[in-house]
1. Extension gain residue 28-residue 52, at 0.36 nm per residue separation less the Cα-Cα distance, in nm?
2. If you average 1/r over every pair of different alpha-carbon atoms in segment 20-75 and take one over that average, what Kirkwood value in Å do you get?
3. When ranked by the protection proxy of mean other Cβ atoms within 10 Å per residue, highest first, what sequence do the peptides 41-49, 65-73, 22-30, 7-15 form?
């Protein structure tokens, strides 16, 4: 099994794929949770790990509505796109193909 495929869980790959499809736009954690179906207890540790590895950027952003709290937003980095491409090569393990469906 290629080394790259062992670095990511299926859930992590789903998050990376979602953010890659966002085209570099900032995406809020709640939007990621809704799109992936991941619970916050699973999602936020994934986001933190990806950011620590330089695969995502994170930013606190002001709410568009006055009086609302700031929100954490995420976007994929060039390194994140490269890592995703490495594991999405033809012949990737079945678990990856399932995660990227």
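1. Net length gain for the segment: 6.9 nm.
2. Result for segment 20-75, one decimal place: 11.9 Å.
3. Numbers: 41-49: 15.3, 65-73: 10.3, 22-30: 13.7, 7-15: 19.2.
Highest mean packing first, the order is 7-15, 41-49, 22-30, 65-73.
None of the figures in this text is laboratory data; all of them are computed from the coordinates on show. This structure is a prediction, so every number in the text was calculated from the model and none was measured. Here the Cβ is made from the backbone with ideal geometry for all residues, glycine too, and neighbour counts use every protein chain on show.
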